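Following: one structure in structure tokens, then a few remarks.
The values are calculated or read from the model by the stated rules, or taken from the named source; none is laboratory data. These figures come from a predicted structure and were not determined experimentally. Neighbour counts run over all protein chains shown; Cβ positions are idealised from the backbone, glycine included. Quick note on the areas: whole protein, heavy atoms, side chains included, nothing else; ligands and nucleic acids left out. Shrake-Rupley method; radii C 1.70, N 1.55, O 1.52, S 1.80 Å.
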Amino acid sequence: MSKNAQSSAKSCSNSKQVGCDDCSLNTICMPVSLHVDDIDRLDSIIQRSKPLQKGEFLFRANDPFTSVYAVRSGALKTQLVAENGDEQITGFYLPGEVLGMDGLANNTHTNSVQALETSSVCKIPFERLEELSVTLPTLQRHFLQLMSREITQEQQIVGLLNKKNAESRIASVLLSIAKRNSQRHLSESAFMLPMSRKDLGNFLGLTTETVSRVFSRLQKNGLIAVEQKQVTLLDTPALTLLVAG
């Protein structure tokens, strides 16, 4: 990533005033074919508030659905809470990704969303988005594609949890983060894990101890290098083979 690109990403992440046309993530969360005037129209309905702090909730399950959200910086997790109070993490969201569409079906959110670290989001009121989509078919199609992507991701999660091998589950997550980083023009091979070992284990149906042992084993076998939350993928083909079983 060039110094200019890094500067742009940092500017977008930290400034409320940065608009969609200047944001380094606009090619990820917005249709690339939107005309500059149409981008301005979309930008006019987007609300940018102060960053969420680690542990702070963006919204909670059963809150009324009013908006969708695009992550500008940081990382967030979606989670369900059972009647006995147990938490089940259902996903992780990185910059450029859109969340909150779980509330579309019944106008009520089914998940809670919590910041894993200091994070900024763009809030897009859904009624305003619907109105704008009527005159911008490209925008409407884009958000239909985003909803389709959500369904696909849920199916992938089911497939991931059906994998009996803990190594293949963790390898899947690492390759997923690498691919998503590539879309943001960041390094595919070296990155910081936004989630804790405990959160990763919760998501994958593994104990924290198992997650730590798998990381150690993958490192010992030369597939990855780990230093706290910093992960470097040393042998992507081998990790891909692990995922394939």
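Just one of the listed residues (VAL68, VAL81) is farther than 21 Å from LEU193 by Cα and in contact (Cβ under 8 Å) with a residue 60 or more places away in the chain, and it is VAL68.
Of all residues in segment 97-112, those satisfying the criterion of being of a type in the set (A, V, I, L, M) and part of a loop (DSSP other than H, G, I, E, B) are LEU104, ALA105. Within segment 183-201, no residue that is at positive phi sits with its Cβ atom under 6 Å from a residue that is modelled with pLDDT of 95 or more and not hydrophobic (A, V, I, L, M, F, W, C) at 6+ positions apart or across chains. Restricting segment 95-119 to residues that are open to solvent by less than 10 Å² (accessible area, probe 1.4 Å) and farther than 21 Å from PRO64 by Cα, the residue that is modelled with the highest pLDDT is SER119. Residues in segment 127-146 that are open to solvent by less than 60 Å² (accessible area, probe 1.4 Å) and under 16 Å from VAL98 (Cα atoms): LEU129, LEU139, HIS142, PHE143, LEU146. Within segment 46-96, take every residue that is assigned to a loop (DSSP other than H, G, I, E, B) and among the basic types (Lys, Arg) and give me the one that is nearest to LEU146 (Cα to Cα). Looking at residues that are assigned to a loop (DSSP other than H, G, I, E, B) and among the basic types (Lys, Arg), I get ARG60.
For every residue, the table says whether it meets (1) open to solvent by less than 20 Å² (accessible area, probe 1.4 Å); (2) hydroxyl-bearing (Ser, Thr, Tyr); (3) under 19 Å from the mean Cα position of the chain (by Cα); (4) modelled with pLDDT under 85.
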{"site": "GLY55", "(1), (2), (3), (4)": "no, no, yes, no"}
{"site": "ALA61", "(1), (2), (3), (4)": "no, no, yes, no"}
{"site": "SER67", "(1), (2), (3), (4)": "yes, yes, yes, no"}
{"site": "ARG72", "(1), (2), (3), (4)": "yes, no, yes, no"}
{"site": "ALA75", "(1), (2), (3), (4)": "yes, no, yes, no"}
{"site": "THR78", "(1), (2), (3), (4)": "yes, yes, yes, no"}
{"site": "GLY85", "(1), (2), (3), (4)": "no, no, no, yes"}
